[in-house]
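In what follows, a structure is listed as C-alpha cells, so that the remarks can point back to it.
The values are calculated or read from the model by the stated rules, or taken from the named source; none is laboratory data. Keep in mind that this is a model prediction, so the values were computed, not measured. For neighbour counting, all protein chains shown are included, and Cβ atoms are generated from backbone atoms with ideal geometry for every residue, glycine included. To get the accessible areas, we keep the full protein, side chains included, count just its heavy atoms, and leave off ligands, DNA and RNA. Shrake-Rupley method; radii C 1.70, N 1.55, O 1.52, S 1.80 Å.
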Amino acid sequence: MQLTDLSFLFDENPNPMWIYDLSSLQILKVNKAATDKYGYSETEFLVLRANELHPQEEQEKLYKTLRKKGIDLSVLQGINRGGIWTHEGKNGKNIYVELASHNVKFENRACRVVSATDASEKMHFQEELIWTKSNLEALINNTEDQIWSVDKEMRYVYMNRAYRHMITHLTGTEPKNGDHTDLHPGFTDNEVETWKQYYSRALEGERYTVVTESIDPPTQKKHSFEISFNPIYKIKGDVTGVGCFARDITTWLETEKAMIDQNDRLRNIASLTSHELRRPVASMLGLINIMDRKNFFNPDNKEIIEHLLVVGNEIDEVIRLIVDKTFMDGPSKEKYQNP
C-alpha cells in the first residue's frame, strides 16, 4: 500500500495515527490527533520509536506478546489488531488505546501505519467488571451457604467454596466444573435419581424450594438443608441451566422445636394452674374464712387445721407437677434430676 494524495485521511483523522519504520521502529509521520492526545509536538514525536510510546513496564509485555505470537516487527504484514494497550503521554499519564496497524510504503521504506482508538471507557468498563467479579467471588465464597449451578446436561458450571467442601466432606471426592452431577461418586442410585428429578423440574422452568436431610459421616448426626432451585434463562427466555442455593437449617429447626416444646409446657402449666391449682387454693381460702381467728384455741379450729394440711399437700403436689412439666420434660431436665 502506497501513501498517496489521500493523505488527508491520515492527517485529518480524528484518531491518533502515526507511521513507523519497520526496521528501526522510528516514527516517521504523525497526525494532529496524535500530538493533541499524547501532548508531544510533531518534532518531539518524530524522535521517538514506536515502542517508546509504551511505559517501560509495558514494553516487556509488548515483546512477550510478539514472541508468543511469533511476530517479527521487521517483516510484519497485513492488518494487525493489537488489542488494548497502555501508552504514556508526555505528562507521564497513562493513555489506554486500541491499536490497529497495516503495512505501508512511505518514503520508499517498509513501514506500518498505526491507528489508536481511545479505549479509556472500555478499559474502565473492564476494570469495573473485574472489580465486580472479584467482589462477587469474595462474597459468594465467604458465605457458609452452598451455591452452585448446572447446565442442561446437569454438568457443574459453577460451585462456591462451601459447596465444594460440603460435597467433598459427604462423599470423599471433590467435584469439579464440567463433571456430570449424576456420575459423581459417593451418592447412592436413589440419591442420584432424586437430584435428577430436582434439576429436571427447574430446567422445565419451575422455581421451588425443598428441605432435604443427609447424615454427617464422622458424627452420624442428621443435618437438614433448605435448597432452592432457580431456572437460569437466556435473553430470549430459554432455560440454559439451574442455579441452586442451600443452607443448613438444622440449628434453626432444633430451635423451632425447642420453642414449640416450651410453648406446649407453658400451655400445660396454664392448664394445671387454672384447673388443678385453683380448686385447692379455693378450699384453703374457704377454710381460712371459717377459722376462729379471735379464739385460736377454739376446738373447731383443730379440724379446720387438719383440712388445711390436706389442702396444703394437694397444693404442694400440684406445684411439683408444674415443676416436672416445666423442667423435667424440657431441654434442661438434667439440671433438675436427682443425682
Q: State whether one or more residues within the stretch 174-184 are touching a Ser or Thr at 6+ places or on another chain (Cβ under 9 Å), more than 16 Å from MET154 (Cβ to Cβ) and surrounded by 12 or more Cβ atoms within 10 Å (Cβ to Cβ).
A: yes
(Q) Going through VAL157, VAL150 one at a time, which residue ends up being within 20 Å of the chain's Cα centre (by Cα), open to solvent by 60 Å² or more (accessible area, probe 1.4 Å) and β-branched (Val, Ile, Thr)? (A) VAL157
Q) Identify, please: which residue in the stretch 196-239 is out of contact with any strand residue (DSSP E or B) (no Cβ under 9 Å at 6 or more places or on another chain) and more than 14 Å from LYS152 (Cβ to Cβ) and is, among those, modelled with the highest pLDDT? A) GLN197
Q.
Looking only at residues that are of a type outside the set (Gly, Ala, Ser) and touching a helix residue (DSSP H, G or I) at 6+ places or on another chain (Cβ under 6 Å) in the stretch 252-284, which one is most open to solvent (accessible area, probe 1.4 Å)?
A. GLU276
(Q) Pairs needed: first member in the stretch 235-263, more than 21 Å from ASP216 (Cβ to Cβ); second member anywhere, in a loop (DSSP other than H, G, I, E, B) and of a type outside the set (D, E, K, R); C-beta distance under 6 Å; at least 6 residues apart or different chains. (A) VAL239/GLY205
Q) Which of the residues belonging to the stretch 26-50 are surrounded by 14 or more Cβ atoms within 10 Å (Cβ to Cβ), of a type in the set (S, T, N, Q) and closer than 22 Å to ASN108 by Cα? A) GLN26, ASN31
Q: Sort out which residues of the stretch 81-97 are within 20 Å of PHE45 (Cβ to Cβ) and in contact with a Phe, Trp or Tyr (Cβ under 8 Å, 6 or more places away or on another chain), and write them in order of number.
A: TRP85, THR86, HIS87, GLY89, LYS90, ILE95, TYR96, VAL97
Q: Test each condition in (1) open to solvent by 90 Å² or more (accessible area, probe 1.4 Å); (2) modelled with pLDDT under 90; (3) of a type outside the set (Lys, Arg) for SER134 and report the one that comes out false.
A: (1)
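Tell me the residue from ILE319, ILE304, ILE288 that is within 30 Å of ALA258 (Cβ to Cβ) and at pLDDT 75 or above, please. I'd like the intermediate steps shown before the answer.
Details: ILE304 fails: within 30 Å of ALA258 (Cβ to Cβ); ILE288 fails: within 30 Å of ALA258 (Cβ to Cβ).
Selected residue: ILE319, the only one of ILE319, ILE304, ILE288 that is within 30 Å of ALA258 (Cβ to Cβ) and at pLDDT 75 or above.
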Q. Within the stretch 285-304, how many residues are loosely packed, with under 13 Cβ neighbours inside 10 Å and among the aliphatic types (A, V, I, L, M)?
A. 3
Q. Between a first residue in the stretch 175-193 that is touching a residue at least 24 places away in the same chain (Cβ under 8 Å) and a second residue that is of a type in the set (Gly, Ala, Ser) and open to solvent by 90 Å² or more (accessible area, probe 1.4 Å), which pairs have beta carbons less than 7 Å apart while being 6 or more apart in sequence or on different chains?
A. none
Q: Only residues in the stretch 149-170 that are without any contact (Cβ under 8 Å) to a residue 40 or more places away in the chain and at negative phi count as the first member; pair them with residues that are open to solvent by 50 Å² or more (accessible area, probe 1.4 Å) and part of a helix (DSSP H, G or I), Cβ under 9 angstrom, at least 6 apart or cross-chain, and list the lot.
A: ASN160/GLU137
